[in-house]
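Trainee: Okay, here's the structure, questions in a sec.
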Ligand code: FDA
């Protein structure tokens with residue numbers, strides 16, 4: 001058991017944590033960052049390479065003897081390992097999250113989507129939207145290295161046949177199509193295809209980590225922060241709960257090994273504390289600290305306004321679309337059906353149906369790179385969450401519960417059904433046997449949001465109400481849904497909060 005005294009502690013190394021670390025170190029503050037997952041870069045990448053989708057090793061999966069990704073074949077392992085993709089199972093919802101230095105950026109599809117301005121304003125009525133559009137979104141895009149696929153490459157590569165077919169089908173069904181920016185380098189991808197560099201997106205790597213090409217946080221924010229010499233990242237450090245002390249906070253940490261066993265305990269005393277464990281991680285820390293650390297002053301909103309960004313995974317079997325296509329004379333598919341045996345793992349297209357009052361949704365045209373033609377079109381549909389769920393702490397299991405019921409997600413399934421019905425009517429297609437019962441997965445959550453909402457659990461800058469020098473700048477601040485893939489928004493909000501926190505709360509020093 002060891003004890004440490006430090007000034008600034010950041011828990012979690014995803015988007016919220018990485019922005020906090022960079023802006024603190026750039027303001028000349030020393031920072032210690034704790035991350036429960038591995039630092040995948042340490043010891044020359046000893047635990048890499050990351051696994052591809054088809055042949056996952058145990059570094060694909062967080063402390064489980066089998067992979068847990070949706071749709072993919074299940075691989076089994078002899079030993080549990082602190083792998084990169086976690087799935088937290090609750091009663092009606094399974095929440096996925098990245099584990100390791102870089103958090104979700106290690107496993108996500110890299111889609112860097114700016115939300116609808118009007119919806120952002122609806123979700124955050126107290127924020128100055130123009131300031132976000134002029135300052136914080138462009139800043140986030142720049143720091144995250146966001147880029148766009150060129151039309152020229154997109155149109156000709158076999159690896160985006162799935163997206164071109166998806167766009168042409170959506171167009172034919174009367175939907176609006178948008179091209180979506182990403183943090184995966186499309187210059188790198190072109191070189192992959194040309195055989196000039198090792199393949200990653202074109203070699204079925206994504207949710208178990210990309211070995212190349214993706215500008216995840218350890219290559220952007222965290223790299224810059226480390227270059228200041230003021231950031232110390234400690235991996236395999238899992239925070240259990242916190243307590244308020246006279247001068248700041250005491251943080252109780254379990255040090256784990258790569259099998260997930262607790263090998264030591266550490267107590268860290270800090271003056272300023274930044275909680276950035278992601279929506280579920282941060283909310284869990286707050287609730288655990290309420291119960292175990294006797295922190296009773298939190299606002300009563302802690303745990304509320306939680307949602308899955310309205311995520312529903314769905315798809316269509318396309319075998320019968322060949323004949324329809326010939327009739328419809330839609331592009332490219334006159335000669336071939338399906339989505340292609342070669343597929344980039346990086347999504348670049350979306351269907352924007354947000355303005356429809358009755359069925360508002362945004363659908364990502366997702367790849368399903370199985371290495372062969374599977375005649376399946378896959379979509380991640382994103383919806384509003386008018387009735388949010390809730391996270392609570394249950395002392396009898398010493399863990400949280402997520403309350404997520406039909407009233408929270410029924411409309412998301414209705415929207416997905418409406419979408420699929422229109423697509424099938426225009427293009428052919430049937431429910432996909434590869435997917436869930438009935439073809440809809442509303443129990444999946446790639447985009448957990450909320451639990452410690454901006455302006456409710458915190459003030460308008462992420463300062464936790466009821467406590468001094470306790471901050472949150474991650475996805476927990478966003479109430480339940482933002483209408484598009486969320487990390488660009490999370491990064492922009494973190495930038496906005498950190499600017500004010502550094503300006504006002506570090507004055508006395
Ligand atoms: P994030 O989860 O990134 O980081 C939290 C970190 O804290 C993690 O590293 C975690 O291990 C650590 N932590 C938690 N509790 C801790 C504790 N008690 N002690 C120590 N460490 C702790 N979004 C998007 O915009 N575009 C996309 O294409 C995708 N695609 C996508 C695919 C998949 C498979 C997933 C799972 C997710 C996405 N996302 C996405 C979602 C996106 O990755 C997500 O919204 C952000 O990573 C959330 O950022 P945060 O900073 O809130 O938490």
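Trainee: Can you work out which of the residues in the range 225-235 that are surrounded by fewer than 19 Cβ atoms within 10 Å (Cβ to Cβ) and in a loop (DSSP other than H, G, I, E, B) is farthest from the ligand (Cβ to nearest atom)?
Mentor: It comes out as 229.
Trainee: OK, next. Which residue out of 96, 119 is modelled with pLDDT of 95 or more, under 26 Å from residue 352 (Cα atoms) and near the ligand (Cβ under 7 Å from one of its atoms)?
Mentor: Numbers: 119 fails: near the ligand (Cβ under 7 Å from one of its atoms).
Among 96, 119, only 96 is modelled with pLDDT of 95 or more, under 26 Å from residue 352 (Cα atoms) and near the ligand (Cβ under 7 Å from one of its atoms).
Residue-by-condition table, conditions (1) crowded, with 17+ Cβ neighbours inside 10 Å; (2) under 21 Å from residue 18 (Cβ atoms); (3) away from the ligand (no atom under 14 Å from the Cβ); (4) touching a residue at least 60 places away in the same chain (Cβ under 8 Å):
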{"residue": "203", "(1), (2), (3), (4)": "yes, no, yes, yes"}
{"residue": "217", "(1), (2), (3), (4)": "yes, yes, no, yes"}
{"residue": "223", "(1), (2), (3), (4)": "no, yes, yes, no"}
{"residue": "237", "(1), (2), (3), (4)": "yes, yes, no, yes"}
{"residue": "241", "(1), (2), (3), (4)": "yes, no, no, no"}
{"residue": "246", "(1), (2), (3), (4)": "no, no, yes, no"}
{"residue": "252", "(1), (2), (3), (4)": "yes, no, no, no"}
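Trainee: Would you check which residues across the range 266-290 are in contact with a strand residue (DSSP E or B) (Cβ under 6 Å, 6 or more places away or on another chain) and more than 13 Å from the ligand (Cβ to nearest atom) and list them?
Mentor: Across the range 266-290, the qualifying residues are 267, 269, 270, 271, 272.
Trainee: Still on this structure, I have one more. Cβ-Cβ below 6 Å, separation at least six or inter-chain, first residue in the range 288-303 and free of Cβ contacts under 8 Å to residues at least 12 places away in the same chain, second part of a loop (DSSP other than H, G, I, E, B): which pairs?
Mentor: Going by the 6 Å Cβ cut-off, there are no qualifying pairs.
Trainee: Within the group 349, 304, 344, which residue is under 23 Å from the mean Cα position of the chain (by Cα), modelled with pLDDT of 95 or more and more than 16 Å from the ligand (Cβ to nearest atom)? Full working, then the answer.
Mentor: Details: 349 fails: more than 16 Å from the ligand (Cβ to nearest atom); 344 fails: more than 16 Å from the ligand (Cβ to nearest atom).
Criteria check complete, one pass: 304.
Trainee: Checking residue 79 against (1) more than 18 Å from the chain's Cα centre (by Cα); (2) touching a residue at least 24 places away in the same chain (Cβ under 8 Å); (3) surrounded by 14 or more Cβ atoms within 10 Å (Cβ to Cβ), only one condition comes out false. Which one?
Mentor: (3)
Listed here are the residues, each with its yes/no results for (1) under 20 Å from residue 493 (Cα atoms); (2) touching a strand residue (DSSP E or B) at 6+ places or on another chain (Cβ under 8 Å); (3) more than 16 Å from the ligand (Cβ to nearest atom); (4) modelled with pLDDT of 95 or more.
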{"position": "6", "(1), (2), (3), (4)": "no, yes, no, yes"}
{"position": "12", "(1), (2), (3), (4)": "yes, yes, no, yes"}
{"position": "28", "(1), (2), (3), (4)": "no, no, yes, yes"}
{"position": "34", "(1), (2), (3), (4)": "no, yes, no, yes"}
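Trainee: How about the range 1-56: which of its residues are without any contact (Cβ under 8 Å) to a residue 12 or more places away in the chain and either part of a helix (DSSP H, G or I) or within 18 Å of the chain's Cα centre (by Cα) (or both)?
Mentor: Of the residues in the range 1-56, the ones without any contact (Cβ under 8 Å) to a residue 12 or more places away in the chain are 43-46.
43, 44, 45 - these are the residues of the range 1-56 that are without any contact (Cβ under 8 Å) to a residue 12 or more places away in the chain and either part of a helix (DSSP H, G or I) or within 18 Å of the chain's Cα centre (by Cα) (or both).
Trainee: Which numbered condition trips up residue 146, out of (1) at pLDDT 95 or above; (2) closer than 29 Å to residue 359 by Cα?
Mentor: Failed condition: (2).
Trainee: Right, another one. Among the residues of the range 91-102 satisfying the criterion of being outside any strand (DSSP E or B) and within 18 Å of the chain's Cα centre (by Cα), which is nearest to residue 448 (Cα to Cα)? Please lay out each step first, then the result.
Mentor: Taking the range 91-102 as the starting set, the residues that turn out to be outside any strand (DSSP E or B) are 91-93, 99-102.
Checking the rest, the ones that are also within 18 Å of the chain's Cα centre (by Cα) come to 93, 99-102.
Working: 93: 10, 99: 14, 100: 17, 101: 19, 102: 17 Å.
Only one residue tops the list, namely 93.
Trainee: Moving on to the next point. If I ask for residues that are under 16 Å from residue 420 (Cβ atoms) and outside any loop (DSSP other than H, G, I, E, B), which ones from the range 351-366 would you list?
Mentor: If the condition is that a residue be under 16 Å from residue 420 (Cβ atoms) and outside any loop (DSSP other than H, G, I, E, B), then 351, 353, 361, 362, 363, 364, 365, 366 are the ones that fit.
Trainee: Kindly indicate whether any position in the range 68-80 is part of a loop (DSSP other than H, G, I, E, B), at pLDDT 95 or above and within 15 Å of the ligand (Cβ to nearest atom).
Mentor: The answer is no; no qualifying residue exists.
Trainee: Among the residues of the range 288-321, count how many are in a helix (DSSP H, G or I) and crowded, with 24+ Cβ neighbours inside 10 Å.
Mentor: Going through the range 288-321, the residues in a helix (DSSP H, G or I) turn out to be 288-292, 321.
Subsequent filtering for residues that are crowded, with 24+ Cβ neighbours inside 10 Å retains 289, 321.
Count: 2.
Trainee: Here is a follow-up. Does the range 142-154 contain any residue that is in contact with a strand residue (DSSP E or B) (Cβ under 9 Å, 6 or more places away or on another chain), at positive phi, in contact (Cβ under 8 Å) with a residue 12 or more places away in the chain and buried (at least 22 other Cβ atoms within 10 Å of the Cβ)? Show your work before the answer.
Mentor: Taking the range 142-154 as the starting set, the residues that turn out to be in contact with a strand residue (DSSP E or B) (Cβ under 9 Å, 6 or more places away or on another chain) are 146-149, 151, 154.
Then drop every residue that is not at positive phi, which leaves none.
Taking every residue of the range 142-154 in turn, none turns out to be in contact with a strand residue (DSSP E or B) (Cβ under 9 Å, 6 or more places away or on another chain), at positive phi, in contact (Cβ under 8 Å) with a residue 12 or more places away in the chain and buried (at least 22 other Cβ atoms within 10 Å of the Cβ).
The values are calculated or read from the model by the stated rules, or taken from the named source; none is laboratory data. What you see is a predicted model, and the numbers here were worked out from it, not measured in a lab. Positions of Cβ are backbone-derived with ideal geometry, glycine not excepted, and every protein chain shown enters the neighbour counts.
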